[in-house]
Structures are given as structure tokens and as C-alpha cells.
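Right, one structure below, let's go through it.
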């Protein structure tokens, strides 16, 4: 929990800027999507070049935003101006979450399109499948341009002893459930999912913990019944409202092969067990 309301606002402004960057890149890459029926590989390669350049620029911007955020947040908490840590941009700009170059890491969408065609999907359906997969990669790696440096920065800064999860007003049920006020170690994995817009907020040592940020459950409780239903589904919202489950019961995990498991909303039937 931060020492001042000003620190909360610094985090909120940082999160809003990251969301703006992600939206801008997502809109650009979606508008440029054009998987040609006669040349899947060539047309995808042309799109990927545009997308890699756009995401790389966004990652560089996110790295700058993250350096500024860390310096501003810790200064707000301690009352002392600090230098942000030196983060090697080569590790994050133009790189995917697994460290590979973006152009190398983004092969799967066109493969998914070909598999869809082999299973009888139309060209249009295959293109939609590939586009959804490609836009997911764009979003994840744009955000990684902030999350990677933020994680590294918090780990090397002696003033930071951990972090908490901060969802946005539009976050999904899984993210709201995960934002329960837990303070994680700086080297703990920050759990995400596709289109996740949560950020990690540093816990600074030796400062008075004076301001309580609302938990995800408290944010959920502030929503109207209709808004709750829109967020988690009608049946799940009704189950929460009548006390059969809590929001935390809806937090689940989606197994991943090449990266840490994602968080996801559990099926209501599982939450009721």
C-alpha cells in the first residue's frame, strides 16, 4: 500500500499511458491486416514487417515510460529524487516475451490460417483466425515492452521490496480476482493473459503505508448488477450476488506451453464445487 495518494495517481497515469500505446498499435496493425488468399506467406510477411516496426517503436516508448514511472513513484514515496535503473533496451525493443526477435517469434498466425484451411474453413474464416492470433501477439509484446523493464527495474532497485497488482476499470474478472492486495516478491512472475491491462505497483520499503488501494473485489462491488453481469456473465454475477461464490472463486489458470500459465476466469460449474 502506498504512502500517498499522489503515488496512486502516478501509477494510474502510467497505466493509462500504456493502455493508450497498446490501443494505438492495435488499431494500426488491425487496419493493415490483409491476408491474401493467393499468397498467405507473402502477405503475412508484409503485415508482419509493419507490425514489428510498430511494436518495436511502442516498446521503446514503453521503456521510457517505465523508467520515468519508477523514478517518479519511488520519489513520491520516499521524498527523495532518484535515478531510474539503467535498463538495456536491446533486451526488450524488437523482442518477444521469450527473448526472440519479433519477426522470428510471430510465425504462428499464418500457420493457424493454413491449418484452418486444411480443416475446411473458408479463406475469410482462416484470415479471421490468423488475425486474432496476430493481434494477440501484438498486444502481449507491446505490453511486455513495459512489464519486462518494470520487473527488472523493481528487482535491481534497493528501495523496492515487492509489488502489488493494479487492475484497471475495464479489467476482467480474473484480473480483478487476482488483485487482492497480495504483496509479491520483486522476482515473482506477474501473471497475465491476452489483452491484460494490469500493472505492477512497487512496494517501497521503510515508508509509512498510509493509503489503501481498492482491491479488485472492492472495485467489482462498486459496479451495478448489470455491469457485473457484463464483466463475468449473468450466471456468475448472480452467484456472487446471492453469496454462493466470491469473485476470488472465479480465478483460474490456463496452461501454456512456452511461458508461465495465464490467468483466466474459471467456469462457474468449477467455482461452485
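The values are calculated or read from the model by the stated rules, or taken from the named source; none is laboratory data. Bear in mind the structure is a predicted one, so any value in this text is a computation, not a measurement. Glycine also receives a Cβ, built like all others from the backbone with ideal geometry; neighbour counts cover every protein chain displayed.
Data table
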item: The range 116-136, residues that are over 25 Å from the mean Cα position of the chain (by Cα) and either loosely packed, with under 14 Cβ neighbours inside 10 Å or within 21 Å of residue 24 (Cα to Cα) (or both); result: 118, 119, 120, 122, 124
item: Enumeration of residues in the range 78-99 that are in a loop (DSSP other than H, G, I, E, B), at pLDDT 90 or above, out of contact with any strand residue (DSSP E or B) (no Cβ under 9 Å at 6 or more places or on another chain) and surrounded by 13 or more Cβ atoms within 10 Å (Cβ to Cβ); result: 87, 92, 93, 96, 97
item: Residue in the range 1-19 that is surrounded by fewer than 19 Cβ atoms within 10 Å (Cβ to Cβ), modelled with pLDDT of 95 or more, within 18 Å of the chain's Cα centre (by Cα) and within 29 Å of residue 116 (Cβ to Cβ) present; result: no
item: Residues of the range 152-167 satisfying the condition of being buried (at least 18 other Cβ atoms within 10 Å of the Cβ) and either in contact with a helix residue (DSSP H, G or I) (Cβ under 7 Å, 6 or more places away or on another chain) or part of a loop (DSSP other than H, G, I, E, B) (or both); result: 153, 157, 159, 160, 163, 165, 166, 167
item: Residue check for residue 171: surrounded by 20 or more Cβ atoms within 10 Å (Cβ to Cβ) and part of a loop (DSSP other than H, G, I, E, B); result: yes
item: Per-region count, the range 101-128, residues in contact with a strand residue (DSSP E or B) (Cβ under 9 Å, 6 or more places away or on another chain) and assigned to a helix (DSSP H, G or I); result: 2
item: Qualifying residue in the range 31-45 (condition: surrounded by 19 or more Cβ atoms within 10 Å (Cβ to Cβ), closer than 25 Å to residue 262 by Cα and at pLDDT 95 or above); result: no
